[in-house]
Amino acid sequence: MNASTPRGPAHRPRHGTEHPTENGTEYGTGRSDAARRRAVFLLATWSLMAREMLRFVRQRNRVIGAIGTPLLFWVLLGAGIGRSFRPPGLGGSMGFMEYFFPGTLLLVVLFTAIFASISVIEDRNAGFLQGVLVAPVPRLAIVLGKVLGGAGLGFGQGLLLVLLGPLAGLSYGIGQFLGAALVMALTAMALSAFGFLLAWRTDSVQGFHAVMNLLMVPMWLLSGAFFPASGAALWVRVVMAANPLSYSMAALRHVLYPPMVSEGLGDPPLWAALLVLLAFTGAALALAALQARRASG
Amino acid sequence: MTSPAPSPQLAVRPPMIAIEELSFRYRGRRRMERVALDGISLAIETGELFGLLGPNGSGKSTLIRILATLLTPAHGSVTVAGLDAASRPDAVRRRLGVAFQSPGLDGKLTVEENLRFQGLLFGMRGLPLERRISELLERFAVAERRHEYVETLSGGLKRRVELAKALLHAPALLLLDEPSTGLDPAVRLEFWNTLAMLRQAEPLTVVVATHLMDEAERCDRVALIDHGRLVALDTPDALKTELGGDVITIEAADAEALAGRIVQRLGVHPRIAEGALRLESRDAMALAASLMAGFGDQIRAIRLGKPTLEDVFLARTGRRLVDAEPHP
């Protein structure tokens with residue numbers, strides 16, 4: 001037999017017969033089809049998100065690390081610098097411990113949401129991602145499921161810290177609590193989507209850590225979590241204005257403290273801060289989905 | 001989600017897979033391109049167990065990834081169950097079960113959770129999903145381990161769970177990329193027995209990419225792939241018959257020297273592979289007798305056998321399937 005002419009009916013017309021089972025299921029019209037697609041989308045998103053959470057809970061060292069690190073930061077920094085520190089422009093009405101609280105919240109959300117996106121790299125290297133990519137699921141659902149999973153973890157831990165706040169002498173009402181929850185949820189989504197965007201292109205966990213240290217630590221330091229923009233040099237203030245985390249920080253202060261605090265620090269209004277966060281989240285998600293559609297594992 | 005009953009007129013049905021003039025290049029650094037597939041055309045019938053046999057880097061894994069809709073070919077077309085893989089990937093994905101070389105299971109989830117996750121991704125849920133999970137766990141004899149974390153399972157068990165996962169949504173086509181990687185021979189045998197049992201239970205087309213000739217031997221038809229090209233395609237028996245006659249394998253202390261003497265004395269040209277001499281002959285018995293008579297003192301062992309697919313590959317390409325030693 002000649003090698004170049006394999007057996008079997010290889011030369012059929014390209015646009016040949018469809019399989020009989022195809023009719024009705026693929027091109028079904030009307031509401032049922034749209035409903036089915038929506039169900040597929042939601043099921044896939046939900047299951048990817050749930051898996052992310054389940055994995056987290058089952059790795060106890062991750063749980064301990066994610067909660068312990070920011071708590072330690074808060075207590076040590078607050079206790080150490082607390083006495084000598086007075087935020088500028090507030091006339092000494094607020095201690096460093098209090099000033100640092102929103103920053104600590106941000107740090108918890110930041111750490112957990114960003115490091116949760118390492119699972120994208122792990123999934124790819126382990127071969128798990130390939131299995132997900134061959135499922136008949138819209139790529140946006142895959143992105144959304146992973147991003148929501150990471151965001152949920154960051155959000156959950158931020159919430160935990162807000163609940164612990166009163167133990168450290170902070171007092172806030174239900175309105176402040178819900179406001180902080182909303183801002184943290186938005187921030188977690190923004191950071192998780194950003195992390196996903198970067199993790200998708202990275203093939204090693206070490207590389208991801210390097211990039212994250214390069215980006216995330218300065219982002220956090222220049223968010224107003226550590227020092228307010230009002231007293232900083234002009235170029236630092238420009239960088240802080242371009243930093244999406246600054247807006248999380250501003251929004252958190254808006255919802256947690258009386259209006260005079262935000263005014264004193266020169267924060268943008270709450271609605272503007274939330275809008276910037278929303279835009280950042282939307283952009284990161286759109287880019288991530290686009291990226292996932294183009295190169296599939 | 002059930003497959004259609006096999007139609008009595010098999011010949012009228014379109015092939016499960018039709019590949020025409022398929023080429024694929026990987027884009028590398030500095031605009032360097034690497035050709036992975038070069039003008040491949042072939043058709044795989046419904047219900048076939050089809051082998052893609054070639055050494056590592058031959059392009060067979062690329063072909064599997066294109067069939068699995070993970071890569072889109074630049075040239076040529078691929079249809080699965082009559083559906084164009086490039087333009088309708090989701091429709092193809094619904095009919096496809098894939099087990100890649102690296103296991104796609106989550107070690108932190110239990111066996112059952114892994115399967116449930118897969119089901120949800122394929123839009124299954126509720127009682128039908130739970131029933132299907134139980135059915136497959138029973139069939140693959142892993143029901144007792146359903147609540148154990150996958151990371152605690154042995155390699156063989158993982159492979160079975162992987163198969164169950166790939167088949168959960170009752171696909172018409174199963175793609176297996178190097179299914180025996182990391183399995184010891186006993187487990188490998190068990191895997192193939194499971195697969196055979198499975199094909200009796202469900203109407204299933206299976207495509208296996210492998211570099212192991214004994215795996216390819218088990219297939220209905222085998223495509224030999226080398227450097228991205230289709231070298232030969234036929235049943236294992238037909239491929240071996242084409243070689244003409246039987247194969248003599250000789251083990252000797254100094255294979256090179258012996259080969260030289262055999263060429264001088266008998267005028268036949270042995271190939272040296274893995275330190276042993278190989279000869280094909282229509283009258284292998286007579287040749288073996290004269291070899292023993294002439295070089296008996298230099299021969300450690302002489303074997304007479306039917307040719308293997310490894311012999312076929314060697315004869316067609318001049319290369320071996322497994323590179324045991326680096327070539328100079």
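All of the numbers you see were taken from the coordinates with simple rules; none came from a lab. Not measured: the values here are computed from a predicted model. All Cβ positions, even for glycine, are placed from backbone atoms using ideal geometry, and neighbour counts span all protein chains on display.
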Requested in this report: Once you have a ≥ b ≥ c as the square roots of the Cα gyration tensor eigenvalues for the protein assembly as shown, tell me rounded if a/c is under 1.5, and otherwise prolate or oblate according to whether a/b is larger than b/c.
Outcome: prolate
Query - From phi via Karplus (6.51, -1.76, 1.60), per-residue ³J(HN,Hα) for region A:102-112 in Hz, x at Gly/Pro - result: x, x, 5, 4, 4, 5, 4, 4, 4, 4, 5
Report task. Quick one: which residues, 5+ away or cross-chain, put their amide H under 5 Å from the amide H of B:LEU71? H built at 1.01 Å from N. Result -> B:ILE66
Report task. Putting +1 on Lys and Arg Cβ atoms and -1 on Asp and Glu Cβ atoms, find which of B:ALA164, B:GLY51, B:PHE295 reaches farthest to the positive end of the dipole of chain B. Result -> B:ALA164
Query - Dipole of region A:33-296, positive end: most advanced residue of A:VAL238, A:TYR172, A:SER204 [Cβ charges, Cα centre] - result: A:SER204
Report task. Kindly list the residues of region B:21-60 that lie in the label zone of B:ARG319, defined by a backbone N under 18 Å from the point 7 Å along the Cα-to-C-beta vector. Result -> B:23-26, B:33-41, B:52-60
Requested in this report: Using Cα pairs closer than 8 Å and at least 6 residues apart in sequence, work out the relative contact order for region A:33-296, in percent.
Outcome: 24
Query - Computed E for A:LEU234/A:ARG58 - FRET, C-beta separation, R0 60 angstrom, nearest 0.05 - result: 0.80
Query raised in the report: In deg cm²/dmol and to the nearest 500, what is the mean residue ellipticity at 222 nm of chain B if only DSSP H runs of at least 4 residues count, each as -39500 (n - 2.57), divided by the residue total?
Result: -10500 deg cm²/dmol
Requested in this report: Could you give the size of the charge dipole of region A:33-296 about its Cα centre, using +1 on the Cβ of each K and R and -1 on the Cβ of each D and E, expressed in debye and rounded to the nearest 20?
Outcome: 620
**Report entry** Cross-link reach list, aspartates and glutamates versus B:LYS240, counting only Cα pairs under 19 Å and skipping chain neighbours closer than eight places
**Finding:** B:ASP214, B:GLU215, B:GLU217, B:ASP220, B:ASP226, B:GLU280, B:ASP283, B:GLU310, B:ASP311
Query raised in the report: How far is it, in nm, from the label point at A:LEU164 to the one at A:ALA241 when both lie 7 Å from their Cα along the line to the Cβ?
Result: 3.6
Query - Residue-span extension gain [B:ALA86 to B:LEU189] - 0.36 nm each, minus C-alpha spacing - result: 33.5 nm
Query - Sites B:VAL268 and B:ASP220 - FRET efficiency at Förster radius 25 Å, r taken between beta-carbons, to 0.05 - result: 0.15
Query raised in the report: Is region B:91-155 best put as rounded, prolate or oblate by its Cα gyration tensor, with a ≥ b ≥ c the root eigenvalues, rounded for a/c under 1.5, and otherwise prolate when a/b is larger than b/c, oblate when not?
Result: oblate
Report task. Count charges around B:HIS147 for me, please; just the other residues with Cβ under 11 Å from its Cβ, Lys/Arg as +1, Asp/Glu as -1. Result -> -2
Query raised in the report: Can you give the FRET efficiency for A:ALA34 and B:ALA276, using 1/(1 + (r/R0)^6), R0 = 60 Å, r = Cβ-Cβ distance, to the nearest 0.05?
Result: 0.40
**Report entry** Spacing of the two label points (7 Å from each Cα toward its C-beta) at B:THR181 and B:HIS147, in nm
**Finding:** 3.4
Report task. Note down the net charge around B:ALA209, summing +1 for each Lys or Arg and -1 for each Asp or Glu among other residues with Cβ under 12 Å from its Cβ. Result -> -1
**Report entry** Inverse of mean 1/r across different Cα pairs in region A:33-296, Kirkwood, Å
**Finding:** 19.2
